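Working notes, structure below.
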Amino acid sequence: MMTLRASDERGHTKIDWLDSYHTFSFGDYMDSYHMGFSDLRVINDDIVKPGKGFSTHGHRDMEIVTIVLSGELEHRDSMGNGSAIRPGDVQRMSAGTGVTHSEFNPSSEDPVHLLQIWILPERNGLTPSYAQKNFSSEAMAGQWRLLVSPDGREESVTIHQDAQIYETLLNQEERINLSLASNRSYWLHVATGTIQVDHQLLEAGDGLAIRNEDQVASLTGVEDGSQVILFNLRRAS
């Protein structure tokens, strides 16, 4: 079964420095039908104005993955990490027993567009940790590139959960297959551009929940540079 989560149906928070869309319930946006999907709890599609950002705040017992789509994001945390996150970078912060951090757009001119992703950990009380790697656009062009996995295979970023995150970049009429297994659940998120999944059109911000499927799905780019994120997750109840 494939279920569309349309971009314009997502929750929306807009304040003077932040424009954020929520695929699942988050903050003041509460939707009992969209509390998460398997272990995937949050996909926030954020645009932060120049010179603005998230002040120091705390997290615990969550695997937090940040993917920057355009612009640059500065990160600082209580573990002593300080880094710039740019397009192609994937950052994972395991909040575990507790961590504080801040995220800031250092540009005086350009907004930063990012996805903030929360995944439930395999267990609570983990030691907080941090990882960041860069993945070239060439490695994602017309093929699935593993970004995040529990075992770090293929030089992916490790995560404390039975979850894998892939990314592909598709140009117009470029096609890629997705092999599905009925004992797994999948979430497709179109980060930028437009694609077609079998006969269904998906635009930027759209999500597709896939359950109980044992087949090969076909993805085709409708616009050049369409960026697609795939979550391969434990079977959703």
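The values are calculated or read from the model by the stated rules, or taken from the named source; none is laboratory data. It should be emphasised that the depicted structure is a prediction, and the values quoted were computed from it without experimental measurement. Note that each Cβ is placed from the backbone with ideal geometry, even for glycine, and that neighbours are counted across all protein chains shown.
Count of the stretch 71-94 residues, restricted to those that are under 16 Å from the mean Cα position of the chain (by Cα), in a strand (DSSP E or B) and of a type in the set (Gly, Ala, Ser), is 1. Run down His34, His57 and say which single residue is surrounded by fewer than 17 Cβ atoms within 10 Å (Cβ to Cβ) and either assigned to a strand (DSSP E or B) or modelled with pLDDT of 95 or more (or both). Answer to the selection: His57.
Here is a yes/no grid of residues against (1) closer than 21 Å to Leu69 by Cα; (2) crowded, with 20+ Cβ neighbours inside 10 Å; (3) at pLDDT below 95:
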| position | (1), (2), (3) |
| --- | --- |
| Leu146 | yes, no, no |
| Pro150 | no, no, no |
| Ser156 | yes, yes, no |
| Asp162 | no, no, no |
| Gln172 | yes, no, no |
| Arg175 | no, no, no |
| Gly193 | yes, yes, no |
| Asp206 | yes, yes, no |
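Does the stretch 4-11 contain any residue that is under 21 Å from Ile229 (Cβ atoms), touching a strand residue (DSSP E or B) at 6+ places or on another chain (Cβ under 6 Å), hydrophobic (A, V, I, L, M, F, W, C) and part of a loop (DSSP other than H, G, I, E, B)? No, the conditions are met nowhere in the stretch 4-11.
The sole residue among Leu201, Leu188, Leu219, Leu233 that is at pLDDT 95 or above, part of a strand (DSSP E or B) and surrounded by fewer than 18 Cβ atoms within 10 Å (Cβ to Cβ) is Leu201. If you filter the stretch 90-121 down to residues that are in contact with a Pro (Cβ under 8 Å, 6 or more places away or on another chain) and closer than 22 Å to Phe37 by Cα, you find that the one that is surrounded by the most Cβ atoms within 10 Å (Cβ to Cβ) is Ser94.
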